[in-house]
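Visitor: Input: one structure, supplied below.
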Amino acid sequence: NTLPQGRIIYPFGDQPVTSSSQGTITLQADVSDNIGIKTVEWWIDGQMIGKITETPYSYPINITSGEHTVSMQVFDTAGNSFQTEELSFLVN
């Protein structure tokens, strides 16, 4: 059993994010596992906002301007999990 792996590829922690005219952004991840991915959970500001069970592991959200944190937790089909560190980002 090996842990699944994952990283947040959008938003970037070092660049401001501009939301769409509707106030949305799309969170994006790169995840992998040697057996298979069961679920990817997205967390914003310490609260789970949604789950994805199929690729691509992206998730559109409505978000307000200001500073936020994002993280994700990846679960594989063998019952292992991996959680990213929280990433701070700024929405213009």
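The values are calculated or read from the model by the stated rules, or taken from the named source; none is laboratory data. Since the model is a prediction, treat every value here as computed from it, not as a measurement. Glycine also receives a Cβ, built like all others from the backbone with ideal geometry; neighbour counts cover every protein chain displayed. Side chains included, ligands, DNA and RNA excluded: accessible areas come from the protein's heavy atoms. Shrake-Rupley method; radii C 1.70, N 1.55, O 1.52, S 1.80 Å.
Visitor: In the chain, what % of DSSP beta bridges are antiparallel (nearest 5)? Before the final figure, lay out each step's value.
Guide: Numbers: 29 of 30 bridges.
Looking only at bridges with both residues in the chain, the antiparallel portion is about 95 percent.
Visitor: Give me the percent of accessible area attributable to carbon and sulfur for the stretch 2-46, probe 1.4 angstrom.
Guide: The value for the stretch 2-46 is 48 percent carbon and sulfur by accessible area.
Visitor: A further question on this structure: In nm, what is the difference between 0.36 nm times the number of residues separating Asn62 and Gln22 and their Cα-Cα distance?
Guide: Working: separation 40, 0.36 × 40 = 14.40 nm, distance 0.78 nm.
Contour length minus the Cα-Cα distance gives 13.6 nm.
Visitor: Let me ask you something else. How large is ³J(HN,Hα) for each residue in the stretch 82-89, as worked out from phi by the Karplus curve 6.51 cos²θ - 1.76 cosθ + 1.60 (θ = phi - 60°), to whole Hz, x for Gly and Pro?
Guide: Once θ is set to phi - 60°, the couplings for the stretch 82-89 become 9, 10, 6, 6, 5, 10, 8, 8 Hz.
Visitor: Go through Asp76, Asp30 and list them by solvent-accessible area, largest first, probe radius 1.4 Å. Intermediate results must be reported in sequence, preceding the final value.
Guide: Working: Asp76 5, Asp30 75 Å².
Descending order: Asp30, Asp76.
Visitor: Give me the three principal axis extents of the stretch 11-64 from the C-alpha atoms, as integers in angstrom, largest value leading.
Guide: 38, 21, 20
Visitor: Equivalent ellipsoid semi-axes for the chain, as square roots of 5 times the alpha carbon gyration tensor eigenvalues: give them largest first, rounded to whole Å. Walk me through the numbers on the way to the answer.
Guide: Details: eigenvalues 125, 29, 21 Å².
So the three semi-axes of the chain are 25, 12, 10 Å.
Visitor: Which of Pro4, Tyr57, Val91 sits closest to the plus end of the dipole of the chain, meaning its Cα is farthest towards the positive end, when Lys and Arg get +1 and Asp and Glu get -1 on the C-beta?
Guide: Comparing the listed Cα positions along the dipole, Tyr57 ranks first.
Visitor: Follow-up question, since we're still on this one. Would you please put 2-8, 77-83 in order of how densely packed they are, using the mean number of other Cβ atoms within 10 angstrom per residue and starting with the highest? Spell out each step's value before the answer.
Guide: Values: 2-8: 17.3, 77-83: 13.4.
With the highest mean Cβ count within 10 Å placed first, the list reads 2-8, 77-83.
Visitor: Then there's this: Can you give the accessible area per residue of the chain, in Å², using a 1.4 Å probe?
Guide: 58
Visitor: Convert each backbone phi in the stretch 18-29 into a coupling constant with the Karplus relation 6.51 cos²θ - 1.76 cosθ + 1.60 (shift: θ = phi - 60°), then list the ³J(HN,Hα) values in order as whole Hz, x for Gly and Pro.
Guide: 9, 7, 5, 5, 8, x, 10, 9, 10, 5, 9, 9
Visitor: Using +1 on the beta carbon of Lys and Arg, -1 on that of Asp and Glu, and nothing else charged, what's the dipole of the chain about the Cα centre, debye to 20? Could you put the intermediate results ahead of the total?
Guide: Values: 3 positive and 10 negative charges, 38 e Å.
About 180 debye.
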